[in-house]
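In what follows, a structure is listed as structure tokens, so that the remarks can point back to it.
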Amino acid sequence: MQPLDAVAHPIRLRIVRHLTDAGPASLSELARAAGVHENTARTHVATLEEGGLVVSERRPLDRPGRPGINYRLVENELPAPSQLAQLLGAALDRAGPRSDELRATGRDWGRYLVGRPEAHDVEAKIEEVLDQVGFRARMHDGAVELSGCPCASILPGNPELVCCLAEGVIEGVLEACGAPQRVGPSEHEPQKRSCHIVLELPDSKPRKKGTARRRK
């Protein structure tokens with residue numbers, strides 16, 4: 001089994017992300033991180049092992065009985081970060097997640113990268129967080145302008161999936177900052193590697209016909 005096939009599932013993506021962030025973990029910890037039953041996690045961990053991305057190792061004995069088992073990523077087998085981004089992007093494409101699922105993932109990451117909820121300079125924080133996840137962002141006239149967007153290079157066949165993640169990240173930043181704005185109309189131009197995402201207040205009037213930007 002190739003690494004792409006091993007990781008091409010939302011549950012396995014969550015397991016890999018947890019191992020990347022937290023290091024070696026037990027099966028029960030991976031099940032909690034992925035939000036599934038331990039038996040389900042066991043099947044997906046076995047697939048990752050078969051693909052050469054994960055190995056098991058004995059956990060140091062800290063109580064009477066048999067040592068437990070931890071799982072960790074095989075670091076020497078992982079591709080470089082840019083290649084890994086493409087790998088995960090292709091896995092997302094194969095898994096076929098819905099746009100609302102991707103936005104929810106983006107919101108989680110946006111809130112996480114902001115840190116503890118508190119008052120922030122919202123525009124500066126949006127630019128900072130998007131920069132951390134690979135976008136060049138600039139706030140202008142109530143909108144987020146993204147340039148050099150990686151969506152076309154990460155997922156050329158379905159770049160809108162990456163755009164959904166970016167919008168979700170912005171929503172997460174807004175929520176964590178306690179900002180009243182929400183993501184409104186947007187226009188994505190993968191070939192130009194640019195996006196324009198309008199931020200609106202919940203009670204703002206809809207744009208007149210012909211002025212709203214459409215998502216491509």
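Per-structure values
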item	result
Search result, residues across the stretch 94-143 that are touching a residue at least 24 places away in the same chain (Cβ under 8 Å), small (G, A, S) and out of contact with any Leu (no Cβ under 9 Å at 6 or more places or on another chain)	A104, G115, A119, G134
Flag for E101 being of a type in the set (D, E, K, R), closer than 30 Å to A33 by Cα, outside the structural domain of L13 (by TED's automatic domain parsing) and under 16 Å from the mean Cα position of the chain (by Cα)	yes
Counted residues, the stretch 13-43 - those being more than 10 Å from R72 (Cα to Cα) and among the hydroxyl-bearing types (S, T, Y)	3
Extreme residue, nearest to V74 (Cα to Cα), among residues of the stretch 44-61 that are surrounded by 13 or more Cβ atoms within 10 Å (Cβ to Cβ) and of a type outside the set (A, V, I, L, M)	G52
Exclusive hit being surrounded by 17 or more Cβ atoms within 10 Å (Cβ to Cβ), over 25 Å from R98 (Cβ atoms) and either modelled with pLDDT under 90 or not assigned by TED's automatic domain parsing to the domain that holds P10 (or both), set E127, E167	E127
Residue check, E160 in contact with a Cys (Cβ under 9 Å, 6 or more places away or on another chain), surrounded by fewer than 19 Cβ atoms within 10 Å (Cβ to Cβ) and closer than 20 Å to P97 by Cβ	yes
Residue in the stretch 113-134 that is touching a Lys or Arg at 6+ places or on another chain (Cβ under 7 Å) and among the aliphatic types (A, V, I, L, M) present	yes
Within the stretch 1-11, considering residues that are out of contact with any Lys or Arg (no Cβ under 9 Å at 6 or more places or on another chain), farther than 18 Å from A104 by Cβ and assigned to a helix (DSSP H, G or I), the one modelled with the highest pLDDT	V7
Answer residue from the stretch 73-88, given it is within 20 Å of the chain's Cα centre (by Cα) and not in a helix (DSSP H, G or I) and is modelled with the highest pLDDT among those	L73
G172 being part of a helix (DSSP H, G or I) and modelled with pLDDT of 90 or more	yes
Count of residues meeting criterion [surrounded by fewer than 13 Cβ atoms within 10 Å (Cβ to Cβ) and closer than 20 Å to E200 by Cα] in the stretch 108-124	3
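Matching residues to (1) in the same structural domain as D131 (by TED's automatic domain parsing); (2) modelled with pLDDT under 85; (3) not in a helix (DSSP H, G or I):
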| residue | (1), (2), (3) |
| --- | --- |
| V16 | no, yes, no |
| A33 | no, no, no |
| A41 | no, no, no |
| H44 | no, no, no |
| E57 | no, no, yes |
| P64 | no, yes, yes |
| N70 | no, no, yes |
| R107 | no, no, no |
| R111 | no, no, no |
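The values are calculated or read from the model by the stated rules, or taken from the named source; none is laboratory data. Here the structure is a predicted model, which means the values were calculated and not measured. All Cβ positions, glycine included, derive from the backbone under ideal geometry; neighbour counts span all protein chains shown.
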